[in-house]
Amino acid sequence: MDTINSIAIDGPAASGKSTLAQNLAESLGYLFFDTGLMYRAVTCAVLDRNGDVNDGAFCTRVAETAQIDVRPCSVDDGRQADVYIDGQDRTWQIRAPEVESCVSIVAAYPGVRKALSAQQRRIGLRGEVVMVGRDIGTVVLPEARLKVYLDASVEERARRRFEERTGEDYAAVLESMKERDRLDASRDLAPLRIAEDAVVINSDGKDADVILAEVLAILKSQANGG
Ligand code: DC
């Protein structure tokens, strides 16, 4: 298998993947692409259509037909990218708790995964992409030149989500994080797991710049044949 000049970053929710990927993309001049946005957008589109997230055929149809667009960010309000669904800016709606609590159910349907991972693979194969998700190194882009699995304890990840949000209680965030971990790791198709050749980094108590430096050092040693 020929290596592709793209980087795969996988790991559980709120492990710091997006921050690492954004920093890495900026350092290397690569495109940053967060595949979780697409699963969130499909879930949001299902809810917008008053659809039932337990209806896999309906969710698959939505994944195949909804116009999901991820574009460079046009508004300076803390967003990483603009997310449009059927022509409407839904960047913040895809982060709402209603979407958060259903996205793992929608992401487990084979038809949904097939539709989205084909689009992701097409983007990743162009090269010079830092792609973030759960199955990038294992399924979407197994030929990525570097695969990172970024981990952190569930308590630390729940604390990060809790600090991003207002009006939610820590115990509830922790419970929902544990449930999402369970669903993401136990689904039949493309469950969250560590690729055999991935570098595993634990982000507990580490600043983003320390993790970035670690990954840049790995790339440098790769380039030197190490
Ligand atoms: O990274 P995130 O929290 O935005 O991801 C949202 C959901 O999408 C998460 O529950 C797992 C799922 N997902 C996936 O199954 N495969 C991916 N490549 C990316 C995300």
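Listing for the model above:
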item	result
The chain - charge dipole about Cα centre, Lys and Arg +1 at Cβ, Asp and Glu -1, debye rounded to 20	500
Between helix 17-28 and the chain: long-axis angle, C-alpha atoms, 0 to 90°, nearest 10	50
Most positive-pole-ward Cα, SER176, GLY124, VAL148, against dipole of region 112-190 from beta carbon charges	GLY124
Whole-percent carbon and sulfur share, accessible surface of the chain, 1.4 Å	49
Helix 110-125 vs. the chain, principal-axis angle (Cα, 0 to 90°, nearest 10)	40
Cα long-axis angle, helix 208-223 against the chain (0 to 90 degrees, to the nearest 10)	50
Column: log10 I(q)/I(0), Debye, Cα scatterers of region 1-152, q = 0.12, 0.18 Å⁻¹	-0.48, -1.09
Cα coordinate range in region 68-191, projected on the principal axes (Å, largest first)	42, 35, 27
Heavy-atom surface of the chain, accessible at 1.4 Å and reported per residue (Å²)	48
Counting DSSP beta bridges with both ends in the chain, the antiparallel % (nearest 5)	30
Simple spin-label estimate for ASP86 and GLU98 in nanometres, 7 Å along Cα-Cβ	1.4
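The values are calculated or read from the model by the stated rules, or taken from the named source; none is laboratory data. The structure displayed is predicted, hence computed values, not measured ones. So basically every Cβ, Gly included, is an ideal-geometry build from the backbone, and we count neighbours across all protein chains shown. These accessible areas exclude ligands, DNA and RNA; they are computed on the full protein's heavy atoms, side chains included. Shrake-Rupley method; radii C 1.70, N 1.55, O 1.52, S 1.80 Å.
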